[in-house]
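Presented below is the structure to which this report refers.
The values are calculated or read from the model by the stated rules, or taken from the named source; none is laboratory data. Just so it is clear, the model here is predicted, and its values are computed rather than measured. Here the Cβ is made from the backbone with ideal geometry for all residues, glycine too, and neighbour counts use every protein chain on show. Keep in mind that these areas ignore ligands, DNA and RNA; they rest on the heavy atoms of the full protein, side chains included. Shrake-Rupley method; radii C 1.70, N 1.55, O 1.52, S 1.80 Å.
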Amino acid sequence: MEYLDFELPIKELEDQLDKCEIIGLESDVDVTNTCKQIEKKLEETKRKIYKNLTAWQRVQLSRHPNRPYTLDYINAICGDSFLELFGDRGFKDDKAMIGGLGKIDGQSFMIVGQQKGYNTKTRQYRNFGMANPEGYRKALRLMKMAEKFGIPVVTFIDTPGAYPGLEAEERGQGEAIARNILEMCRLKVPIICVIVGEGASGGALGIGVGDKVLMMENTWYSVISPESCSSILWKSWEYKEQAAEALKLTSADMKKQKLVDDIIPEPLGGAHYDRDTTFKTVQQYITKSFNELKDLSTAQLLEHRMDKYSKMGEYKE
């Protein structure tokens, strides 16, 4: 297990607990009470730290190297029913964007999402979860296929942004994202979006228009990352914590501003601390959201979706 800076007190107590258990196994000394005291202190420390997280600490948790990625959710929730589909039928297959058909609680879904890598090799293979235009075009191709056959769509959002390289701009990155936003607004099947990690800028919006937008507790969603915001406003990355607070990018902030529909709770310590519980919770929220949408007619579905996004940004003085 890797630990973030603010988690070091937890690491120290867990190390103490491990040593205490080893002493108990290797000697005749009864360390039961000592272990219980450490366990109690460990639980109290965890609750104190994770119940009072700053915006920047939540950003750090969303990027935790042990945090489950899109394929982890798909494999856990869909099992063997997932059939991955490839290519945008125009340029090539983008490994940062994955998609395919799968079943969740017996219901077929078209599942699309950004995929990051687990180590240096796979991070390069997945381009760090930053999709090129062909990735967004692949996503749109699959969503239009789902519309043709009346299959609802689920998207998993986890990206530091769309790929900003010269070749991406040459192939129409902005147009590809804008086209996806337009087409998702009028897609004639239910769309459920789940932010499972980073939700950065247009890279997230390219698959982020939905009837239900769910955000996991320790994730962020913003037009810009705290580091980039700090770099622009203060000409330095040193103010990233201040930028994270100002951007109002946490799940609680997004829910308060009515930019997301619901927050998916995570186990104490984050999604990576108890993956099985995390996967079950996400599955339950997806099923619940679909049950709320499945009986709506196409006209009602589109009307509610357009009305939802039309109201964003309105205010009264």
Please tell me if residue 58 is in contact with a strand residue (DSSP E or B) (Cβ under 7 Å, 6 or more places away or on another chain), farther than 25 Å from residue 135 by Cα, touching a residue at least 24 places away in the same chain (Cβ under 8 Å) and not hydroxyl-bearing (Ser, Thr, Tyr).
yes
Considering residues that are in a loop (DSSP other than H, G, I, E, B) and open to solvent by less than 50 Å² (accessible area, probe 1.4 Å), the number found within the stretch 146-169 is 5
Restricting the search to the stretch 170-202, which residues are assigned to a helix (DSSP H, G or I) and basic (Lys, Arg)?
179
Taking the stretch 1-35 on its own, how many of its residues are under 30 Å from residue 62 (Cβ atoms) and either open to solvent by 80 Å² or more (accessible area, probe 1.4 Å) or in a helix (DSSP H, G or I) (or both)?
16
Those residues of the stretch 239-250 that are in a helix (DSSP H, G or I), touching a residue at least 60 places away in the same chain (Cβ under 8 Å) and not acidic (Asp, Glu) come to a total of 3
Output for the stretch 109-132, where each listed residue is open to solvent by less than 10 Å² (accessible area, probe 1.4 Å) and polar (S, T, N, Q):
114, 115
Qualifying positions in the stretch 253-278 - of a type in the set (A, V, I, L, M) and either within 20 Å of residue 229 (Cα to Cα) or not in a helix (DSSP H, G or I) (or both):
254, 259, 260, 263, 264, 268
Residue 234 fails exactly one of the following numbered conditions: (1) out of contact with any Lys or Arg (no Cβ under 6 Å at 6 or more places or on another chain); (2) open to solvent by 20 Å² or more (accessible area, probe 1.4 Å); (3) within 18 Å of residue 162 (Cβ to Cβ). What is the number of that condition?
(3)
Output the qualifying pairs, or none if there are none: Cβ atoms under 8 angstrom, residues six or more apart or on different chains, first residue in the stretch 282-296 and farther than 12 Å from residue 154 by Cα, second residue part of a helix (DSSP H, G or I).
293/301; 296/304
Being loosely packed, with under 13 Cβ neighbours inside 10 Å and of a type in the set (Gly, Ala, Ser) narrows it down to one of 297, 289, so name that one.
297
Being under 28 Å from residue 138 (Cβ atoms) and among the aromatic types (Phe, Trp, Tyr): is that true of residue 273 here?
no
Among the candidates 103, 92, single out the residue that is farther than 20 Å from residue 208 by Cα, in contact with a helix residue (DSSP H, G or I) (Cβ under 7 Å, 6 or more places away or on another chain) and in contact (Cβ under 8 Å) with a residue 40 or more places away in the chain.
92
Filter the stretch 53-77 down to the residues that are within 23 Å of residue 110 (Cα to Cα) and aromatic (Phe, Trp, Tyr), then identify the one that is most open to solvent (accessible area, probe 1.4 Å).
69
Being within 27 Å of residue 64 (Cα to Cα), open to solvent by less than 20 Å² (accessible area, probe 1.4 Å) and without any contact (Cβ under 8 Å) to a residue 60 or more places away in the chain is true for just one of 184, 215, 143. Which residue is that?
215
